[in-house]
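Coordinate-derived values only; no laboratory data. The model shown is predicted, which means the values in this text are computed figures rather than measured ones. For neighbour counting, all protein chains shown are included, and Cβ atoms are generated from backbone atoms with ideal geometry for every residue, glycine included.
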């Protein structure tokens, strides 16, 4: 359903495997079991590594992008700026 709707607007859906994306630091060399530490998720919505607190959802999304870039062969310089306190946009349901 999502793929069909995106196609209507000329957007390509790319499915990306997501293992360890919420357990790896955004500063780790790669997103893999080798660097995964579930204990870094201190509380709901909070990821802590080396004493620095990050928004857990932002870290997961950032790491999914890192995994995609590594398997696609695309090069992109990424910054962790904004992962600590991302902007929150509330949408009425």
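Set against the 2.2 N^0.38 Å expectation for a compact globular protein, the stretch 17-84 has a Cα radius of gyration ratio of 1.03. Does anyone have the angle between helix 56-72 and the longest principal axis of the chain? Alpha-carbon axes, 0 to 90°, nearest 10? With rounding to tens, the tilt is 60 degrees. Secondary-structure-derived ellipticity at 222 nm for the chain, considering helices only, amounts to -8000 deg cm²/dmol, per-run term -39500 (n - 2.57) for DSSP H runs with n ≥ 4. Computed from the C-beta positions of residue 32 and residue 5, the FRET efficiency with R₀ = 25 Å rounds to 0.15.
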